[in-house]
Amino acid sequence: MEDKHEKGEFLISQVGKGNLRKAIESLPEGYKTILLLYHFSDLTHNQIGDLLGIDAGTSRSQLSKARIALKKAVGKYLNQN
């Protein structure tokens, strides 16, 4: 099974670092925060929950929504090229 770092590297190779950065920056602040904390700061959902004052389940839910929003945002940048 791939870990989240391998998935991230694959995404960067497909989209490009600049487009990925633009797509992440275009996300609503809450989605961006959860995504960055989970994927780039390597925090668990429990740690994110403690940091943000939310339940771990809310962190999971927000991450899922953030990933969906990121897919849409990445698609916009890919279609522009």
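Looking only at residues that are outside any helix (DSSP H, G or I) and among the β-branched types (V, I, T) in the stretch 40-81, which one is nearest to the chain's Cα centre (by Cα)? Break it down stepwise before answering.
Step one: of the stretch 40-81, the residues outside any helix (DSSP H, G or I) are 41-44, 53-55, 81.
Remaining after also requiring among the β-branched types (V, I, T): 44, 54.
Details: T44: 13, I54: 18 Å.
Ranking the qualifying residues of the stretch 40-81, first place goes to T44.
Filter the stretch 12-31 for residues that are crowded, with 17+ Cβ neighbours inside 10 Å and of a type outside the set (G, A, S); which is modelled with the lowest pLDDT? First the steps, then the outcome.
As a first pass, look at the stretch 12-31 and keep what is crowded, with 17+ Cβ neighbours inside 10 Å: 15, 19-20, 23-24, 27, 31.
Next, only the ones that are of a type outside the set (G, A, S) stay: 15, 19-20, 24, 27, 31.
On the way: V15: 68, N19: 79, L20: 84, I24: 91, L27: 96, Y31: 96.
Only one residue fits best here, namely V15.
Can you tell me which residue within the stretch 39-76, out of those that are under 16 Å from R21 (Cα atoms) and open to solvent by less than 50 Å² (accessible area, probe 1.4 Å), is modelled with the lowest pLDDT? Write out each step before concluding.
Initial filter on the stretch 39-76 (under 16 Å from R21 (Cα atoms)): 39-41, 66-76.
From what is left, the residues that are open to solvent by less than 50 Å² (accessible area, probe 1.4 Å) are 39, 66, 69-70, 73-75.
Details: H39: 88, A66: 95, A69: 95, L70: 92, A73: 90, V74: 86, G75: 83.
Going through the qualifying residues, I end up with G75.
The values are calculated or read from the model by the stated rules, or taken from the named source; none is laboratory data. These numbers were taken from a predicted model, which means no experiment stands behind them. We place every Cβ from the backbone using ideal geometry, glycine too, and count neighbours over all the protein chains shown. Keep in mind that these areas ignore ligands, DNA and RNA; they rest on the heavy atoms of the full protein, side chains included. Shrake-Rupley method; radii C 1.70, N 1.55, O 1.52, S 1.80 Å.
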